[in-house]
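Working notes, beginning with the structure itself.
The values are calculated or read from the model by the stated rules, or taken from the named source; none is laboratory data. Just so it is clear, the structure is predicted and the values come from calculations on it, not from any experiment. For neighbour counting, all protein chains shown are included, and Cβ atoms are generated from backbone atoms with ideal geometry for every residue, glycine included. The area values use the complete protein model at the heavy-atom level, side chains included, leaving out ligands, DNA and RNA. Shrake-Rupley method; radii C 1.70, N 1.55, O 1.52, S 1.80 Å.
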Amino acid sequence: MFCYPTSENAVCVIVDIQAKLLPAMSDPEKVLNRAQMLVRGMNELNVPLLVTEQYPQGLGNTVPELAELFNESAKVIAKTSFSCFGEAEFAAAADVKTRPVMIIAGIESHVCVAQTALDALNAGFQVFVAADAVNSRKESDLNTALAQLRHAGCTVASAEAILFMLLKSAKHPAFKAISKLVR
(Lines give C-alpha, C1' and ligand atoms only; values in the text may rest on other atoms or scores of the structure.)
Protein backbone atom coordinates (compact mmCIF):
# COMPACT_ATOMS: atom_id res chain seq x y z
CA MET A 1 0.00 0.00 0.00
CA PHE A 2 1.31 3.44 -0.94
CA CYS A 3 2.09 5.81 1.91
CA TYR A 4 2.87 9.46 1.26
CA PRO A 5 6.02 10.76 2.91
CA THR A 6 5.37 13.22 5.74
CA SER A 7 7.52 15.20 8.15
CA GLU A 8 6.56 12.67 10.81
CA ASN A 9 7.13 9.41 8.93
CA ALA A 10 10.13 10.10 6.67
CA VAL A 11 13.89 10.06 6.92
CA CYS A 12 16.14 11.35 4.11
CA VAL A 13 19.37 9.56 3.24
CA ILE A 14 22.15 11.34 1.34
CA VAL A 15 24.54 8.72 0.00
CA ASP A 16 28.23 9.45 -0.64
CA ILE A 17 28.20 12.85 -2.36
CA GLN A 18 31.91 13.22 -1.72
CA ALA A 19 34.80 15.32 -2.97
CA LYS A 20 36.55 12.62 -5.04
CA LEU A 21 33.35 10.90 -6.25
CA LEU A 22 31.16 13.78 -7.37
CA PRO A 23 33.43 15.08 -10.19
CA ALA A 24 33.43 11.62 -11.83
CA MET A 25 29.63 11.57 -12.23
CA SER A 26 27.96 11.98 -15.63
CA ASP A 27 26.18 15.15 -14.44
CA PRO A 28 27.78 16.31 -11.19
CA GLU A 29 26.31 19.82 -11.25
CA LYS A 30 22.74 18.57 -11.60
CA VAL A 31 22.99 15.96 -8.84
CA LEU A 32 24.59 18.50 -6.47
CA ASN A 33 21.95 21.14 -7.26
CA ARG A 34 19.05 18.73 -6.72
CA ALA A 35 20.62 17.30 -3.55
CA GLN A 36 21.06 20.82 -2.17
CA MET A 37 17.40 21.60 -2.90
CA LEU A 38 16.34 18.36 -1.25
CA VAL A 39 18.44 18.99 1.89
CA ARG A 40 17.14 22.55 2.19
CA GLY A 41 13.59 21.23 1.86
CA MET A 42 14.16 18.52 4.46
CA ASN A 43 15.48 21.18 6.84
CA GLU A 44 12.36 23.32 6.26
CA LEU A 45 10.14 20.31 6.89
CA ASN A 46 12.12 18.97 9.87
CA VAL A 47 12.78 15.63 8.18
CA PRO A 48 15.90 14.04 9.71
CA LEU A 49 18.96 13.46 7.54
CA LEU A 50 21.24 10.45 7.53
CA VAL A 51 24.37 11.17 5.48
CA THR A 52 26.91 8.56 4.47
CA GLU A 53 30.49 8.84 3.31
CA GLN A 54 32.14 5.88 1.57
CA TYR A 55 35.69 5.41 2.85
CA PRO A 56 36.13 9.15 3.61
CA GLN A 57 39.87 8.89 4.28
CA GLY A 58 40.32 7.96 0.62
CA LEU A 59 37.35 9.60 -1.10
CA GLY A 60 37.04 12.72 1.02
CA ASN A 61 34.10 14.01 2.99
CA THR A 62 30.77 15.24 1.71
CA VAL A 63 31.36 18.16 -0.65
CA PRO A 64 31.34 21.45 1.32
CA GLU A 65 28.57 22.98 -0.82
CA LEU A 66 26.25 20.29 0.50
CA ALA A 67 27.70 19.69 3.98
CA GLU A 68 27.26 23.35 4.91
CA LEU A 69 23.48 22.84 4.57
CA PHE A 70 23.29 20.03 7.13
CA ASN A 71 21.61 21.09 10.35
CA GLU A 72 22.85 20.03 13.78
CA SER A 73 20.61 16.97 13.83
CA ALA A 74 22.05 15.50 10.60
CA LYS A 75 23.92 12.28 11.32
CA VAL A 76 27.04 11.70 9.19
CA ILE A 77 28.17 8.07 9.06
CA ALA A 78 31.39 6.74 7.53
CA LYS A 79 31.05 3.41 5.75
CA THR A 80 32.93 0.84 3.73
CA SER A 81 29.98 -1.35 2.75
CA PHE A 82 28.17 -0.40 -0.43
CA SER A 83 24.73 -0.59 1.18
CA CYS A 84 24.34 1.92 3.98
CA PHE A 85 22.64 -0.88 5.93
CA GLY A 86 25.99 -2.69 6.05
CA GLU A 87 27.08 -0.21 8.72
CA ALA A 88 25.67 -0.95 12.19
CA GLU A 89 25.44 2.76 13.03
CA PHE A 90 23.28 3.43 9.98
CA ALA A 91 21.09 0.36 10.50
CA ALA A 92 20.46 1.47 14.09
CA ALA A 93 19.64 5.04 13.06
CA ALA A 94 17.26 3.97 10.25
CA ASP A 95 14.29 2.88 12.36
CA VAL A 96 11.44 1.55 10.22
CA LYS A 97 9.08 1.56 13.22
CA THR A 98 9.33 5.31 13.84
CA ARG A 99 10.07 6.52 10.29
CA PRO A 100 8.89 3.92 7.76
CA VAL A 101 9.47 6.09 4.68
CA MET A 102 13.00 6.52 3.34
CA ILE A 103 13.88 9.17 0.77
CA ILE A 104 17.21 8.51 -0.95
CA ALA A 105 19.56 10.74 -2.96
CA GLY A 106 23.23 10.32 -3.79
CA ILE A 107 25.84 8.45 -5.79
CA GLU A 108 26.44 6.06 -7.40
CA SER A 109 22.93 5.08 -8.36
CA HIS A 110 23.76 1.54 -9.50
CA VAL A 111 25.95 0.64 -6.52
CA CYS A 112 25.51 2.31 -3.12
CA VAL A 113 22.14 3.94 -3.83
CA ALA A 114 20.65 0.78 -5.35
CA GLN A 115 21.95 -1.55 -2.66
CA THR A 116 20.73 0.79 0.09
CA ALA A 117 17.29 1.14 -1.53
CA LEU A 118 16.93 -2.62 -1.96
CA ASP A 119 17.99 -3.27 1.64
CA ALA A 120 15.55 -0.58 2.80
CA LEU A 121 12.73 -2.36 0.95
CA ASN A 122 13.77 -5.64 2.58
CA ALA A 123 13.74 -3.93 5.99
CA GLY A 124 10.14 -2.83 5.42
CA PHE A 125 10.66 0.79 4.38
CA GLN A 126 8.64 2.46 1.67
CA VAL A 127 11.42 3.88 -0.49
CA PHE A 128 11.40 7.06 -2.57
CA VAL A 129 14.39 7.60 -4.85
CA ALA A 130 14.93 11.20 -5.96
CA ALA A 131 15.70 10.44 -9.61
CA ASP A 132 17.32 13.79 -10.38
CA ALA A 133 19.36 13.73 -7.16
CA VAL A 134 21.10 10.43 -7.92
CA ASN A 135 23.79 9.85 -10.51
CA SER A 136 26.45 7.46 -11.81
CA ARG A 137 29.60 7.81 -13.87
CA LYS A 138 27.76 6.37 -16.87
CA GLU A 139 24.26 7.49 -17.82
CA SER A 140 23.40 3.91 -18.80
CA ASP A 141 24.16 2.76 -15.23
CA LEU A 142 21.90 5.49 -13.87
CA ASN A 143 19.03 4.55 -16.19
CA THR A 144 19.39 0.85 -15.48
CA ALA A 145 19.48 1.45 -11.72
CA LEU A 146 16.34 3.61 -11.77
CA ALA A 147 14.51 0.96 -13.80
CA GLN A 148 15.69 -1.78 -11.43
CA LEU A 149 14.60 0.17 -8.34
CA ARG A 150 11.22 1.03 -9.85
CA HIS A 151 10.68 -2.64 -10.70
CA ALA A 152 11.71 -3.69 -7.17
CA GLY A 153 9.04 -1.44 -5.64
CA CYS A 154 10.68 1.92 -5.03
CA THR A 155 8.83 5.10 -5.93
CA VAL A 156 11.11 6.94 -8.35
CA ALA A 157 10.24 10.64 -8.53
CA SER A 158 11.96 14.00 -8.89
CA ALA A 159 13.27 15.76 -5.80
CA GLU A 160 10.70 18.49 -6.38
CA ALA A 161 7.84 15.97 -6.58
CA ILE A 162 9.00 14.39 -3.32
CA LEU A 163 9.06 17.77 -1.59
CA PHE A 164 5.53 18.51 -2.77
CA MET A 165 4.39 15.06 -1.62
CA LEU A 166 5.72 15.98 1.81
CA LEU A 167 3.71 19.23 1.73
CA LYS A 168 0.47 17.63 0.44
CA SER A 169 -1.18 21.08 0.28
CA ALA A 170 -0.51 24.75 -0.37
CA LYS A 171 -1.86 25.27 3.14
CA HIS A 172 1.22 23.59 4.66
CA PRO A 173 3.22 26.10 6.76
CA ALA A 174 6.39 25.39 4.75
CA PHE A 175 4.72 25.80 1.32
CA LYS A 176 6.17 29.25 0.58
CA ALA A 177 9.67 28.24 1.63
CA ILE A 178 9.57 25.07 -0.49
CA SER A 179 8.10 26.97 -3.45
CA LYS A 180 11.09 29.33 -3.36
CA LEU A 181 13.50 26.37 -3.35
CA VAL A 182 12.10 24.83 -6.51
CA ARG A 183 12.20 28.00 -8.63
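The rule of thumb for compact globular proteins, 2.2 N^0.38 Å, goes into the C-alpha radius of gyration of segment 70-120 1.12 times. Size of segment 39-130: Rg and Dmax of its alpha carbons, in Å, are 12.6, 34. Close Lys pairs in segment 36-183, defined as Cα atoms under 25 Å apart and 8 or more places apart or on different chains, number 7. With both residues required to sit in the chain, DSSP beta bridges show an antiparallel share near 5%. State log₁₀ I(q)/I(0) for segment 22-63 at q = 0.13, 0.21, 0.22 Å⁻¹ as given by the Debye formula over alpha-carbon point scatterers of equal weight, solvent excluded. Values returned for q = 0.13, 0.21, 0.22 Å⁻¹ are -0.35, -0.81, -0.86. Computed with the Debye formula from one identical point scatterer per Cα of the chain, without solvent, the log10 of I(q)/I(0) at q = 0.16, 0.18 Å⁻¹ comes to -0.90, -1.17.
Annotation: amide H of residue 77 within the under-5 Å range of 51, 52, 53, sequence separation 5 or more or interchain, hydrogens built in the peptide plane.
In the frame of its principal axes, segment 110-183 has Cα extents of 37, 29, 17 Å, reported largest first.
Taking amide hydrogens as placed 1.01 Å from N in the peptide plane, the amide H of residue 106 sits under 5 Å from those of 15, 134, 135, each at least 5 positions away in sequence or on another chain. Legend: P(r) of segment 1-79 from all alpha carbon pair distances, 5 Å bins from 0, whole percents, reading 3, 15, 26, 24, 17, 10, 5, 1, 0.
To the nearest Å, what is the center-to-center distance of segment 48-79 and segment 122-141, using C-alpha atoms only? Here the answer is 18 Å between Cα centres. Length gained on full extension, residue 158 to residue 4: 54.0 nm, using 0.36 nm per residue less the C-alpha separation.
Using R0 = 22 Å, the C-beta based FRET efficiency linking residue 27 and residue 55 works out to 0.45.
Counting only complete DSSP H runs, which helices of the chain cover 24 Å or more along their long axis at the Cα atoms and score a mean Kyte-Doolittle of -1.0 or above? Qualifying helices: 28-45.
The smallest convex shape that holds all Cα atoms of segment 46-97, its convex hull, gives 86 Å³ per residue. For the chain, carbon and sulfur atoms together expose 52% of the accessible surface, with a 1.4 angstrom probe and every protein chain in place.
GNM on the chain, alpha-carbon springs under 10 angstrom: the most fluctuating residue among 93, 130, 159 is 93. Couplings 3J(HN,Hα) of segment 61-70, computed from phi: 8, 3, 4, x, 4, 9, 4, 5, 8, 5 Hz, in residue order, whole Hz [Karplus 6.51 cos²θ - 1.76 cosθ + 1.60, θ = phi - 60°; x for Gly and Pro].
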